[in-house]
Amino acid sequence: MKNYDWIFEIFGRFLEEGKIYEDSSWTFDSLCRVLGVDPASFGRYVFEQVGLSGDEILRIYRQTGG
């Protein structure tokens, strides 16, 4: 599997600093396109790291306001 460590860090920054969760048009797939990664592969990596899918993470951020 590709080394996604730095992309995962950028994903976190998009959530924490960019607050993309405030814009409901963002999906995990659209964020992956911006990051230049395959959503399925990166999604598996994200799940391995935190036990949640990318979409679940976005949903939790949206529900809790970050």
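Do we find that E48 is open to solvent by 70 Å² or more (accessible area, probe 1.4 Å), at pLDDT 95 or above and charged (D, E, K, R) in this structure? Give the steps one after another, and end with the answer.
Values: open to solvent by 70 Å² or more (accessible area, probe 1.4 Å): yes; at pLDDT 95 or above: yes; charged (D, E, K, R): yes.
Yes.
Please go through segment 1-19 and pick out each residue that is under 13 Å from E48 (Cα atoms), part of a helix (DSSP H, G or I) and among the aromatic types (F, W, Y).
F8
Could you grab me the full set of residues in segment 47-66 that are among the basic types (K, R) and in contact (Cβ under 8 Å) with a residue 40 or more places away in the chain?
So the first thing to find is which residues in segment 47-66 are among the basic types (K, R), and the list is 59, 62.
R62, the sole residue that qualifies.
If you check every pair at least six apart or on different chains, which have Cβ atoms under 7 Å apart with a residue in segment 10-35 that is under 12 Å from I57 (Cα atoms) first and a residue that is among the aromatic types (F, W, Y) second?
As it stands, the answer is L15/Y21; L15/Y61; I20/F14; I20/W26; Y21/Y61, since those pairs meet every condition given.
Only residues that are touching a helix residue (DSSP H, G or I) at 6+ places or on another chain (Cβ under 6 Å) and assigned to a helix (DSSP H, G or I): list them for segment 20-47, please.
Once the filter is applied, which keeps residues that are touching a helix residue (DSSP H, G or I) at 6+ places or on another chain (Cβ under 6 Å) and assigned to a helix (DSSP H, G or I), segment 20-47 yields I20, Y21, F28, D29, C32, L35, P39, F42, G43, V46.
Can you tell me which residues in segment 14-40 are open to solvent by 20 Å² or more (accessible area, probe 1.4 Å) and touching an Asp or Glu at 6+ places or on another chain (Cβ under 6 Å)?
P39, the sole residue that qualifies.
The values are calculated or read from the model by the stated rules, or taken from the named source; none is laboratory data. Keep in mind that this is a model prediction, so the values were computed, not measured. Neighbour counts are summed over all protein chains in view; Cβ atoms, including those assigned to glycine, are modelled from backbone coordinates with ideal geometry. SASA here: full protein model, heavy atoms, side chains in, ligands and nucleic acids out. Shrake-Rupley method; radii C 1.70, N 1.55, O 1.52, S 1.80 Å.
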